[in-house]
Amino acid sequence: MSIVSQITNIEQTSRNPSQPTMSQEVSRTDASASVLPKRREVTCRLDTENRLSVVHVIGTYLKATLNRSAPPRSKFFSVKRTANVQYSISPPTSGEDLSPTPLNGNSVLLISMSHASESENDSKLSVQYYGENKEVLGRAVLHLTAVEISLDVDADRDGVVEKNNANKGSWKWGPNGHGAILLVNCDSEQKYLNKIPDCEQDYVTKVSDLKDMSVMVLRTRGPAKLPEGYKLTMHISQGHAECVRVFRSRSPEAKVNTLEKFLYNNFVKKYPLVLSSEVLSQEVPYLGGVAEMKFHVEGLRFPDNDFDGLVTINLSLLEPIATDIPETPIFTDKVVFRVAPWIMTPNTLQPVEVFVCNTYDNNPFLKGMRNLVAKGGYKFTICPKYVNRGDRWMQDELEFGYIDSPHQRFPVVLDSPRDGDLRDFPYDELLGPDFGYVTRVAEEEHVSSLDSFGNLEVSPPVTVNGKKYPLGRIIIGVAFPTATKGRNMTKVVQDFLWAQKVQEPIALFSDWLCVGHVDEFMTFVPAPNRKGFRLLLASPDAGYKLFRGLQNNGHGKAKMFEGLKDEKTITVDEIVDDENLQAQNNYVQSCIDWNRDVLKRELGLDDEDIIDLPILFKLVTEGEEESVLRAVAYYPDMVNMIVLGKDLGIPKPFGPKVNGRCALEAEMCSLMEGLGLSCTFIDDFATYHKLLGEVHCGSNVRREPFDFKWWNLEM
């Protein structure tokens, strides 16, 4: 039988809660701390001169060092207690029952209580000290009030706030992990006028705003009120103050008078602010009896280079010492949240909505896009001229992603630091209820073309050397490692992407391109076999192979760019025989091959997972002060496509015709139709290609999120 059971079974005397009586002592031979369950220990002081009232939190031990409070010349001690009090002595001692116990320098008394008190000071424990001849030298009395206190969150990630989960104070990744999840409240309950992200205002505007927050519950059980001077306080550290905000739900009986309702927003009264960057600590009510108090926790910041995403919220029970002297904490409970990362969606996920811009000159492009989107039945959103102000590069201005938790999920647009004339679209047109917004501002960094989000892609899920990336890996383009004056994506954006953790980025070499975007030489399409996708790479070698094949088959006089207004045609023979163009494409192929090797290594790909597309480039001089040769597509860059399920929207290449059909289109169809994909060629020549962009640059797709839950990642 355990010591707790033995203590409980000892015959107790009845007691009046207001006047506790003492039971007989616990046997010294049974008082072994080693058999008691492991609990938190709270140091407790004994005083033979003054009566002490102490609040004990169920689930902890009060630890009293007996020698520290003993009167001079004390050699022995004995303990008595009322029915709701248990204790043990460490180290264990032996001797006859009920006789004084020898006192040594390290004798410790561990005190606990089995259930919450019904009234203040309804239990008692006393320690009596004896001299060498067993004469009484003093007596220390503790008047005890037991309470249950638990600050609770959804630590097991099932959408329910369970009681006192043992893992609530830490965070662990994986399917067997634990720890609560917090969303950045970056949507806006206001759809139109004066809207700002909800996380930028320190009050609750609508009940609907609460679903974007995580519920936290304070559960208490005990007497109607705490002893005089005791209080509960909730607090956060200065380091976390900019990352989280906490609101409290008022109890139904809390009244708000008519004048208050008129003068103030009713939600401000109903959900008062508890913790923020301005309020690091605040007392919270103790309701008495068996009670629950609900809090709503709001994330304010995404993980970044200066924030690991973990937030700790503490609840402490404070004990009074004396008037005008600060209270001291005697018990602290804590919970840990991880802020949900921003997650990108690859081409292999189901499309939901397609976005393009309407400009004064792009009607043929819009017509082709409209027909393509209609095939899949997706939503088609056209940004009007007065919003885009002539900026047609929808892909470059923004990237769609989402955030997810067990209780809520919604899309979030990442606004690039590019800030072209389309800069107002992500905020003004997308931010709204259940549609979040985040951006990174490069205040002290030079923003280059590489900061446009055609230079930001994500792979489908992959496994690399046994390590799984079930959410894929982010891909960005940077300068070549040896470059001293190359362009790079700004540090603030790279830091943000790395800090999300769940889609570990890969850096490719893209500065060799005039525009410098990874979508100019690569993309992913779904596939029915192998890894479930194929990597498509632009390949000048594949292009020359196709053109030489045409030449060998007697089609050397076939012309490119036929039918294009104001565009000079060129024959297959002229392309193949142009040694300077060949040299330029050899350079381009070497740049792409460098990236090919990186992608194979970092995505765990084999050559069979890669399809080379016949695309040629040319080098142009770029830069005013110091001219640099960089590459642009020689004809519409077919890899720069839009992927909508099994339907591909591909830039129409205007290649040489053989038997009335474009040879480049025929090759693309042959490569893609073997994967069960349908090719639609869209004329973007004059309105996008001539401006150094293509179909993908001029469009964007919001997709369904992953079924996989990011918190189940093995990290």
key: Those residues of the stretch 639-671 which are of a type in the set (A, V, I, L, M, F, W, C), touching a residue at least 40 places away in the same chain (Cβ under 8 Å) and on the phi < 0 side of the Ramachandran plot, in sequence order   = Val639, Met641, Ile642, Val643, Leu644, Leu648, Ile650, Val658, Ala663, Leu664, Met668, Leu671
key: Residue among Leu629, Leu664 that alone is within 21 Å of Asn585 (Cβ to Cβ), in the same structural domain as Asn585 (by TED's automatic domain parsing) and either crowded, with 17+ Cβ neighbours inside 10 Å or touching a Cys at 6+ places or on another chain (Cβ under 7 Å) (or both)   = Leu664
message = Consider the stretch 497-506. How many of its residues are buried (at least 19 other Cβ atoms within 10 Å of the Cβ) and free of Cβ contacts under 8 Å to residues at least 60 places away in the same chain?
response = 1
request  = Considering only residues that are small (Gly, Ala, Ser) and in a strand (DSSP E or B), look in the stretch 114-158 and name the one that is nearest to Ser69 (Cα to Cα).
outcome  = Ala140
query = Checking Asn167 against (1) over 44 Å from the mean Cα position of the chain (by Cα); (2) touching a residue at least 12 places away in the same chain (Cβ under 8 Å), which single condition isn't satisfied?
reply = (1)
ask   = Looking only at the stretch 399-451, which residues are touching a residue at least 60 places away in the same chain (Cβ under 8 Å) and small (Gly, Ala, Ser)?
value = Ser405, Ser416, Gly432, Gly436, Ser448, Ser449
ask   = Can you spot a residue in the stretch 316-334 that is in contact (Cβ under 8 Å) with a residue 40 or more places away in the chain and of a type in the set (Gly, Ala, Ser)?
value = yes
query = Given Phe302, Phe307, Phe337, Phe365, which one is surrounded by 21 or more Cβ atoms within 10 Å (Cβ to Cβ), in contact with an Asp or Glu (Cβ under 9 Å, 6 or more places away or on another chain) and either of a type outside the set (Ser, Thr, Tyr) or farther than 20 Å from Pro426 by Cβ (or both)?
reply = Phe365
query = Counting only residues that are part of a loop (DSSP other than H, G, I, E, B) and modelled with pLDDT under 95, how many does the stretch 661-690 have?
reply = 1
task = Look at Asp519 and say whether it is out of contact with any strand residue (DSSP E or B) (no Cβ under 7 Å at 6 or more places or on another chain) and surrounded by 14 or more Cβ atoms within 10 Å (Cβ to Cβ).
result = no
request  = Check every one of the strands (runs of 3 or more DSSP E) wholly within the stretch 1-113 and list those with 3 or more residues that are modelled with pLDDT of 90 or more and either within 53 Å of the chain's Cα centre (by Cα) or farther than 30 Å from Leu232 by Cα (or both).
outcome  = 52-57, 60-65, 76-81, 85-90, 108-113
message = For the stretch 270-309: of the residues being aromatic (Phe, Trp, Tyr) and closer than 30 Å to Lys491 by Cα, which is nearest to the chain's Cα centre (by Cα)?
response = Phe302
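The values are calculated or read from the model by the stated rules, or taken from the named source; none is laboratory data. Keep in mind it's a predicted model, so treat the numbers as computed, not measured. Cβ atoms come from the backbone with ideal geometry, glycine included; neighbour counts cover every protein chain shown.
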